[in-house]
Amino acid sequence: MLTGLTVALAILALSLAAALSSKVAVAGTITVSGSSMLYPLNSVWAVHYEKTHPNVTVSVASTGSGFGISNAANGNITIGASDAYLTKAFKKRYPNLINIPVALDDAEVIYNLPGIPDSVHLKMTPKLVADIYMGKIKNWNNPIFKKLNPGYKFPNMPIFVIHRADASGTTFDFTSLLTDTSKAWADNIGISLMPDWPVGSGYLGNDAVVAAVKKIPGSIGYAGFGWILEYHVPN
């Protein structure tokens with residue numbers, strides 16, 4: 001999955017390049033907002049940029065890809081971070097916005113299942129995950145889990161479905177996979193930053209999703225790999 005920054009001003013990159021090459025002092029504030037999956041990386045970049053440009057302040061916020069795109073389009077921020085690429089219709093509406101790929105990341109399914117060691121990576125097919133998020137599979141003792149993961153005893157426990165509550169690029173990537181692999185999902189829900197979820201509870205941001213899965217036994221969710229590593233949840 002290719003993660004991209006939605007940048008409101010292409011001039012920003014050009015002006016920084018010119019300033020560095022001509023040794024002209026760069027000063028002011030750069031505001032970066034949007035993708036919670038990109039937030040850890042953007043925060044690291046901000047610190048390093050400020051070290052080499054002491055007259056510049058870089059403000060980074062995790063607000064979700066949807067807000068990153070809309071705020072960049074409205075000129076409220078300098079850079080909008082998004083895991084979802086700009087659609088042709090959106091680029092036509094806001095021709096000053098461009099897609100600039102900056103990093104590779106991935107969204108993964110995470111879970112909290114008592115009785116299964118954290119070191120075990122359970123096998124789940126995209127169709128199985130789609131059925132869970134459509135409310136068709138509701139319990140961890142469903143035979144399909146045992147078929148995919150022989151040798152493990154699955155508890156008789158309801159599946160607590162967790163998804164994002166905000167307009168999310170991580171959700172865009174997640175629903176893209178489900179749309180490509182499940183006809184039922186494609187026909188009824190499809191690809192979206194903020195779909196009409198059939199089941200589940202919503203949380204704001206990757207960090208909140210991961211924290212909820214870690215806290216709630218029997219839960220399942222999805223998040224960016226960086227957040228999964230930070231919270232040490234099974235995936």
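The values are calculated or read from the model by the stated rules, or taken from the named source; none is laboratory data. The structure presented is a predicted model; accordingly, all values stated were derived computationally and were not measured. Virtual Cβ from ideal backbone geometry, glycine too; neighbours counted across all protein chains shown.
Does at least one position in the stretch 114-135 carry a residue that is among the basic types (Lys, Arg) and more than 23 Å from VAL32 (Cα to Cα)? Yes, the stretch 114-135 has at least one match.
For the stretch 89-148, give me each residue that is in a helix (DSSP H, G or I), among the aliphatic types (A, V, I, L, M) and at pLDDT 85 or above. Full working, then the answer.
Just the residues of the stretch 89-148 that are in a helix (DSSP H, G or I), to begin with: 89-93, 126-133, 143-148.
Subsequent filtering for residues that are among the aliphatic types (A, V, I, L, M) retains 89, 128-130, 132, 144, 148.
Answer for the stretch 89-148, where residues must be in a helix (DSSP H, G or I), among the aliphatic types (A, V, I, L, M) and at pLDDT 85 or above: LEU128, VAL129, ALA130, ILE132, ILE144, LEU148.
Identify all residues within the stretch 165-199 that are more than 19 Å from GLY64 (Cα to Cα) and of a type outside the set (A, V, I, L, M, F, W, C); write none if there are none.
To start, the set of residues in the stretch 165-199 that are more than 19 Å from GLY64 (Cα to Cα) comprises 177-190, 198-199.
Across the stretch 165-199, the qualifying residues are THR179, ASP180, THR181, SER182, LYS183, ASP187, ASN188, GLY190, PRO198.
Looking at THR171, is it touching a strand residue (DSSP E or B) at 6+ places or on another chain (Cβ under 9 Å), under 15 Å from TYR85 (Cβ atoms) and either surrounded by fewer than 18 Cβ atoms within 10 Å (Cβ to Cβ) or not small (Gly, Ala, Ser) (or both)? Taking the combined requirement at face value, the residue satisfies it. Only one of the listed residues (VAL26, VAL58) is more than 24 Å from ALA223 (Cβ to Cβ) and crowded, with 19+ Cβ neighbours inside 10 Å. That residue is VAL58. Checking each residue in the stretch 40-94 for being over 23 Å from ALA27 (Cα atoms) and of a type in the set (Phe, Trp, Tyr) picks out PHE67, TYR85, PHE90, TYR94.
Taking the stretch 141-154 as the range and being exposed (fewer than 14 other Cβ atoms within 10 Å of the Cβ) and touching a residue at least 24 places away in the same chain (Cβ under 8 Å) as the test, the residues that pass are LEU148, LYS153. Filter the stretch 63-91 for residues that are crowded, with 24+ Cβ neighbours inside 10 Å and on the phi > 0 side of the Ramachandran plot and give the result. Passing the criteria: only GLY64. Looking only at the stretch 123-140, residues that are surrounded by 13 or more Cβ atoms within 10 Å (Cβ to Cβ) and among the polar types (S, T, N, Q) come to 1 in all.
Based on this model, can you work out whether TYR85 counts as under 17 Å from the mean Cα position of the chain (by Cα), within 25 Å of PHE225 (Cα to Cα) and assigned by TED's automatic domain parsing to the domain that holds LYS214? No: the conditions fail for TYR85.
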